[in-house]
Amino acid sequence: MLTACSATDAEQSVARALRAPAPPSSDAASLPMRELVRMATLAPSSHNTQCWRFQISDKSILIAPDLARRCPAVDPDDHHVFVSLGCAAENMVHAALASGLYADPRFDPTGDGRIAVNLEATQRRISPLFQAISERQCTRSDYDGQPISPTELRQLEQVGTGDGVSVRLLTARPAMESVLAYVVEGNTAQMNDAAFVAELKAWIRFGADEAIRTGDGLFAGASGNPALPRWLGSRMMGLFFTPKSENERYSRQIRNSAGIAVFVSERNDKAHWVEAGRCYERFALQATAFGIRNAFLNQPVEVGTIRPQFAAWLGLKAGERPDLVVRFGRGPAMPFSMRRPVQAVLA
Ligand SMILES: Cc1cc2nc3c(=O)[nH]c(=O)nc-3n(C[C@H](O)[C@H](O)[C@H](O)COP(=O)(O)O)c2cc1C
């Protein structure tokens, strides 16, 4: 059996190998469509469910939700599913450009909803956002408490804004303390919700062997916990994963962040959720390019009874939805999470 330490090393060598970018093709005709899909799968997804299916055709790629991977307890209206698809589409845009293709993702609401990404030949460009794809991660470490420069903040705000989606960057301490109060309230509600905890536990990969076998889920090491066999990790979770310990961690980690970003949709529908995912992913890639880390604090937008109060605190208009809450700052990297192979996500 793998030990805790070697298990983490094993998971990390596989996770790193999966992230390595293939050298861009010099021949647009021999377009590596599967490589575009692979780069899209390096995007974040809620609970690392990788809730997507890709269909490659001649000049386009369809990104559809894999609803067998939905998480009804934390995400009853599939908001996070469509945000995750938006993140994948955004990665594809930058990967396509690096292969000499202009990618134009359009949301198609028919059926369950999907994204059609049409591809056209264009001048090849290796952007800093493309280069950040394989390095980006949701980093749940402590940050250094130092501010981010005004130039970096402006750039993050610019890339995090889209069609009907805006981002608010909160860097004043009183505002961050107010968000913390919503996070603590939401976290306490979630941890006292048996369905939420059972669903979360089902997506935790306590050991590296489990993470490598499934290629998905929340690898315990990526949250700074030791890699353990499932039977032991599951028992330890019951002992150490308490509302008090988690709320203390969130308090410390918000206080050592440089700021909090809140993404807001003008309208509460799937098209805007996809757009929010695209805006968040650009923000995360730009942050990575700047050496800035980020991690989600989504409790205030996930708990249905708290979201309207949080929206009112933000001063949102009727019909607007707060989509995502993210802390950011500089700090150490954490182990990378796993991905399934391309073959597993092709329709
Ligand atoms: C829509 C969405 C919601 C998420 N919500 C949370 C969250 O509330 N807390 C958290 O720690 N991570 C959250 N994540 C991050 C995922 O757990 C993470 O993307 C996944 O584990 C893959 O890891 P990576 O982003 O480091 O590649 C969310 C991601 C997405 C796309």
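The values are calculated or read from the model by the stated rules, or taken from the named source; none is laboratory data. These figures come from a predicted structure and were not determined experimentally. So basically every Cβ, Gly included, is an ideal-geometry build from the backbone, and we count neighbours across all protein chains shown. We work out accessible area using only protein heavy atoms, side chains counted, and drop any ligands, DNA or RNA first. Shrake-Rupley method; radii C 1.70, N 1.55, O 1.52, S 1.80 Å.
Residue check: is P65 crowded, with 20+ Cβ neighbours inside 10 Å and within 16 Å of the ligand (Cβ to nearest atom)?
Numbers: crowded, with 20+ Cβ neighbours inside 10 Å: yes; within 16 Å of the ligand (Cβ to nearest atom): yes.
Yes, satisfied.
Looking only at residues in segment 235-263 that are out of contact with any Phe, Trp or Tyr (no Cβ under 9 Å at 6 or more places or on another chain) and among the aliphatic types (A, V, I, L, M), which one is nearest to F296 (Cα to Cα)?
Start the filter on segment 235-263 by keeping residues that are out of contact with any Phe, Trp or Tyr (no Cβ under 9 Å at 6 or more places or on another chain), which leaves 235, 238-252, 254-255.
With the extra rule that they be among the aliphatic types (A, V, I, L, M), the set shrinks to 239, 254.
Working: L239: 24, I254: 11 Å.
Among those residues, the one meeting the criterion is I254.
Per the conditions (1) open to solvent by 20 Å² or more (accessible area, probe 1.4 Å); (2) more than 19 Å from the chain's Cα centre (by Cα), the sole criterion not satisfied by V179 is (1).
Sub-8 Å Cβ pairs linking a first residue in segment 221-234 that is more than 13 Å from W203 (Cα to Cα) and without any contact (Cβ under 8 Å) to a residue 40 or more places away in the chain to a second residue that is open to solvent by less than 30 Å² (accessible area, probe 1.4 Å) and assigned to a helix (DSSP H, G or I), at least 6 apart or interchain, are N225/G233, ordered by first then second residue.
Candidates F240, F336, F263: the one that is open to solvent by 20 Å² or more (accessible area, probe 1.4 Å) and either under 21 Å from the mean Cα position of the chain (by Cα) or more than 16 Å from the ligand (Cβ to nearest atom) (or both) is F240.
Do we find that R173 is at pLDDT 95 or above and surrounded by fewer than 16 Cβ atoms within 10 Å (Cβ to Cβ) in this structure? For R173, the condition - at pLDDT 95 or above and surrounded by fewer than 16 Cβ atoms within 10 Å (Cβ to Cβ) - is met.
Give the residue, chosen from G331, G277, that is at pLDDT 95 or above and either surrounded by fewer than 20 Cβ atoms within 10 Å (Cβ to Cβ) or touching a Lys or Arg at 6+ places or on another chain (Cβ under 7 Å) (or both). Show your work before the answer.
Numbers: G277 fails: either surrounded by fewer than 20 Cβ atoms within 10 Å (Cβ to Cβ) or touching a Lys or Arg at 6+ places or on another chain (Cβ under 7 Å) (or both).
Answer to the selection: G331.
Here is a list: I126, I133. Which entry is under 30 Å from M338 (Cβ atoms) and surrounded by fewer than 17 Cβ atoms within 10 Å (Cβ to Cβ)? Answer to the check: I126. Do you know which of the residues in segment 136-163 that are among the basic types (K, R) and surrounded by 17 or more Cβ atoms within 10 Å (Cβ to Cβ) is farthest from the chain's Cα centre (by Cα)? Looking at the filtered set, the residue picked out is R140. All conditions in (1) touching a Lys or Arg at 6+ places or on another chain (Cβ under 9 Å); (2) closer than 22 Å to D75 by Cβ hold for F283, with the sole exception of (1). Summed over segment 186-211, residues that are surrounded by fewer than 22 Cβ atoms within 10 Å (Cβ to Cβ), in contact (Cβ under 8 Å) with a residue 40 or more places away in the chain, within 15 Å of the ligand (Cβ to nearest atom) and of a type in the set (A, V, I, L, M, F, W, C) total 5. Using the structure shown, decide if W273 is over 30 Å from A172 (Cα atoms) and within 16 Å of the chain's Cα centre (by Cα). Taking the combined requirement at face value, the residue does not satisfy it. Going through segment 82-102 one residue at a time, which ones are small (G, A, S) and open to solvent by 10 Å² or more (accessible area, probe 1.4 Å)? Result: S99, single match.
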